[in-house]
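Here the structure comes first, spelled out in C-alpha coordinates, and everything after it is commentary.
The values are calculated or read from the model by the stated rules, or taken from the named source; none is laboratory data. Quick caveat: nothing in here was measured; it's all calculated off a predicted structure. With ideal geometry, Cβ positions are generated from the backbone for all residues, glycine too; neighbour counts draw on all protein chains shown. Note: accessible area is taken over every heavy atom of the protein model, side chains too, but ligands, DNA and RNA are not part of it. Shrake-Rupley method; radii C 1.70, N 1.55, O 1.52, S 1.80 Å.
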Amino acid sequence: MMTSEIGSKTMSNTNTWWIYALLSACFAALTTIFAKIGVENVNSNLATAIRTVVILVVAWGIVFAQGSMVNLSEIPPKTMFFLLCSGAATGLSWIFYFKALQQGKASLVAPIDKSSLVLVLLFSVLFLHEPLSWKILLGTFLIAIGTLVLIF
(Lines give C-alpha, C1' and ligand atoms only; values in the text may rest on other atoms or scores of the structure.)
Protein backbone atom coordinates (compact mmCIF):
# COMPACT_ATOMS: atom_id res chain seq x y z
CA MET A 1 0.00 0.00 0.00
CA MET A 2 1.35 3.42 -0.93
CA THR A 3 1.11 6.41 1.39
CA SER A 4 1.75 10.09 0.99
CA GLU A 5 2.44 12.65 3.70
CA ILE A 6 0.24 15.74 3.92
CA GLY A 7 1.27 17.83 6.87
CA SER A 8 1.53 15.44 9.81
CA LYS A 9 -1.24 13.14 8.61
CA THR A 10 -0.86 10.04 6.43
CA MET A 11 -3.38 9.32 3.69
CA SER A 12 -3.74 5.78 2.27
CA ASN A 13 -3.82 5.26 -1.46
CA THR A 14 -5.63 1.98 -2.14
CA ASN A 15 -7.54 0.48 -5.03
CA THR A 16 -10.86 1.74 -3.65
CA TRP A 17 -10.67 4.97 -5.67
CA TRP A 18 -13.43 3.66 -7.93
CA ILE A 19 -15.87 3.55 -4.98
CA TYR A 20 -15.26 7.25 -4.38
CA ALA A 21 -15.62 7.95 -8.10
CA LEU A 22 -18.95 6.07 -8.19
CA LEU A 23 -20.18 7.97 -5.13
CA SER A 24 -19.10 11.19 -6.82
CA ALA A 25 -21.12 10.29 -9.91
CA CYS A 26 -24.19 9.49 -7.80
CA PHE A 27 -23.99 12.76 -5.89
CA ALA A 28 -23.30 14.67 -9.12
CA ALA A 29 -26.50 13.19 -10.57
CA LEU A 30 -28.45 14.25 -7.47
CA THR A 31 -26.81 17.68 -7.70
CA THR A 32 -28.30 18.17 -11.16
CA ILE A 33 -31.79 17.19 -10.06
CA PHE A 34 -31.68 19.28 -6.87
CA ALA A 35 -30.16 22.25 -8.72
CA LYS A 36 -32.76 22.16 -11.50
CA ILE A 37 -35.55 22.33 -8.91
CA GLY A 38 -33.63 24.91 -6.86
CA VAL A 39 -33.07 27.43 -9.66
CA GLU A 40 -36.74 27.61 -10.68
CA ASN A 41 -37.55 30.78 -8.76
CA VAL A 42 -34.20 32.38 -7.95
CA ASN A 43 -31.35 34.07 -9.80
CA SER A 44 -28.91 31.37 -10.90
CA ASN A 45 -25.90 33.28 -9.49
CA LEU A 46 -27.60 33.55 -6.09
CA ALA A 47 -28.35 29.82 -6.24
CA THR A 48 -24.68 29.16 -6.97
CA ALA A 49 -23.62 31.36 -4.05
CA ILE A 50 -25.96 29.51 -1.66
CA ARG A 51 -24.65 26.16 -2.90
CA THR A 52 -21.09 27.35 -2.43
CA VAL A 53 -21.68 28.35 1.20
CA VAL A 54 -23.09 24.90 1.92
CA ILE A 55 -20.08 23.25 0.28
CA LEU A 56 -17.74 25.53 2.22
CA VAL A 57 -19.32 24.58 5.55
CA VAL A 58 -19.37 20.86 4.75
CA ALA A 59 -15.79 20.77 3.43
CA TRP A 60 -14.29 22.70 6.36
CA GLY A 61 -16.40 20.65 8.77
CA ILE A 62 -14.86 17.46 7.38
CA VAL A 63 -11.34 18.92 7.53
CA PHE A 64 -11.74 19.87 11.20
CA ALA A 65 -13.60 16.67 12.16
CA GLN A 66 -10.81 14.54 10.67
CA GLY A 67 -8.11 16.70 12.22
CA SER A 68 -6.69 17.35 8.76
CA MET A 69 -6.06 21.07 9.24
CA VAL A 70 -2.45 22.06 8.71
CA ASN A 71 -0.75 25.42 8.71
CA LEU A 72 -1.71 26.82 5.31
CA SER A 73 1.80 28.24 4.95
CA GLU A 74 3.07 24.62 4.85
CA ILE A 75 1.31 24.09 1.52
CA PRO A 76 3.85 24.63 -1.28
CA PRO A 77 3.19 27.76 -3.39
CA LYS A 78 2.78 25.73 -6.61
CA THR A 79 0.22 23.49 -4.93
CA MET A 80 -1.67 26.48 -3.52
CA PHE A 81 -1.64 28.21 -6.91
CA PHE A 82 -3.19 25.23 -8.64
CA LEU A 83 -5.74 24.71 -5.85
CA LEU A 84 -6.78 28.35 -6.25
CA CYS A 85 -6.98 27.94 -10.04
CA SER A 86 -9.09 24.81 -9.55
CA GLY A 87 -11.39 26.73 -7.21
CA ALA A 88 -11.80 29.54 -9.74
CA ALA A 89 -12.53 27.05 -12.54
CA THR A 90 -15.04 25.23 -10.32
CA GLY A 91 -16.80 28.47 -9.47
CA LEU A 92 -17.07 29.50 -13.11
CA SER A 93 -18.25 26.01 -14.06
CA TRP A 94 -21.01 26.15 -11.43
CA ILE A 95 -22.14 29.62 -12.47
CA PHE A 96 -22.50 28.56 -16.10
CA TYR A 97 -24.01 25.20 -15.11
CA PHE A 98 -26.73 26.78 -12.98
CA LYS A 99 -27.49 29.32 -15.71
CA ALA A 100 -27.78 26.50 -18.24
CA LEU A 101 -30.02 24.49 -15.88
CA GLN A 102 -32.24 27.50 -15.35
CA GLN A 103 -32.77 27.92 -19.08
CA GLY A 104 -32.59 24.34 -20.36
CA LYS A 105 -33.68 20.81 -19.61
CA ALA A 106 -31.58 18.91 -17.06
CA SER A 107 -31.59 15.90 -19.39
CA LEU A 108 -29.81 18.02 -22.03
CA VAL A 109 -27.64 20.25 -19.84
CA ALA A 110 -26.10 17.38 -17.87
CA PRO A 111 -24.74 15.40 -20.84
CA ILE A 112 -23.13 18.51 -22.28
CA ASP A 113 -21.65 19.37 -18.88
CA LYS A 114 -20.37 15.82 -18.43
CA SER A 115 -18.81 15.91 -21.88
CA SER A 116 -16.06 17.75 -20.03
CA LEU A 117 -14.72 14.22 -19.63
CA VAL A 118 -13.59 14.41 -23.26
CA LEU A 119 -11.58 17.53 -22.41
CA VAL A 120 -10.19 15.93 -19.24
CA LEU A 121 -8.91 12.98 -21.27
CA LEU A 122 -7.32 15.32 -23.80
CA PHE A 123 -5.83 17.64 -21.15
CA SER A 124 -4.51 14.71 -19.11
CA VAL A 125 -2.46 13.62 -22.10
CA LEU A 126 -1.30 17.15 -23.02
CA PHE A 127 -0.58 18.62 -19.58
CA LEU A 128 -0.13 15.65 -17.25
CA HIS A 129 1.64 13.48 -19.85
CA GLU A 130 -0.61 10.54 -19.09
CA PRO A 131 -0.31 7.76 -21.65
CA LEU A 132 -2.57 7.81 -24.68
CA SER A 133 -3.90 4.41 -25.66
CA TRP A 134 -6.41 3.05 -28.14
CA LYS A 135 -8.83 2.54 -25.20
CA ILE A 136 -8.63 6.25 -24.31
CA LEU A 137 -9.11 7.28 -27.93
CA LEU A 138 -12.02 4.89 -28.43
CA GLY A 139 -13.65 5.81 -25.11
CA THR A 140 -13.30 9.52 -25.78
CA PHE A 141 -14.81 9.10 -29.24
CA LEU A 142 -17.73 7.06 -27.86
CA ILE A 143 -18.40 9.60 -25.10
CA ALA A 144 -18.43 12.42 -27.65
CA ILE A 145 -20.77 10.47 -29.95
CA GLY A 146 -22.99 9.49 -27.02
CA THR A 147 -23.28 13.11 -25.92
CA LEU A 148 -24.26 14.16 -29.43
CA VAL A 149 -26.89 11.38 -29.60
CA LEU A 150 -28.38 12.51 -26.28
CA ILE A 151 -28.63 16.19 -27.17
CA PHE A 152 -29.73 16.01 -30.82
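Things worth noting here:
- Listed by number, the DSSP H helices of the chain that run 20 Å or longer by alpha-carbon position along their axis and have mean Kyte hydropathy of at least -0.5 are 17-38, 44-66, 77-103, 134-151.
- Surface/4 estimate of mean projected area, convex hull on alpha-carbon atoms of segment 25-152, nm²: 9.9 nm²
- Cα-projected label distance for residue 19 with residue 105, points at 7 Å along beta-carbon direction, nm: 3.7 nm
- The trypsin sites (Lys or Arg not before Pro) of segment 25-126 meeting both criteria, a DSSP state outside H, G, I, E and B (loop) and at most 12 other C-beta atoms within 10 angstrom of the site's C-beta, are 105.
- Three-way shape label, segment 69-111, alpha-carbon gyration tensor, a/c 1.5: prolate
- Lysine pair count for the chain [Cα-Cα under 19 Å; pairs on different chains or 8 or more apart]: 6
- A 1.4 Å probe run over the chain, with the rest of the protein chains in place, finds 76 Å² accessible per residue.
- The magnitude of the dipole of the chain, with charges of +1 and -1 set on the Cβ of Lys/Arg and Asp/Glu and taken from the Cα centre, is near 260 debye.
- Rounded percent of accessible protein surface that carbon and sulfur make up, segment 30-76, 1.4 Å probe: 72 percent
- Positive-end ranking of 27, 100, 125 along the dipole of segment 14-152, with charges on Cβ about the Cα centre, is headed by 100.
- Taking 90, 48, 14 as the candidate residues, the one with maximal mean-square fluctuation in a Gaussian network model of the chain, Cα springs under 10 Å, is 14.
- Here the Gaussian network model covers the chain, with springs between Cα atoms less than 10 Å apart; of 61, 38, 91, 61 fluctuates the most.
- Rounded FRET efficiency, nearest 0.05, which uses the C-beta distance separating residue 85 from residue 52 and R0 of 25 Å: 0.90
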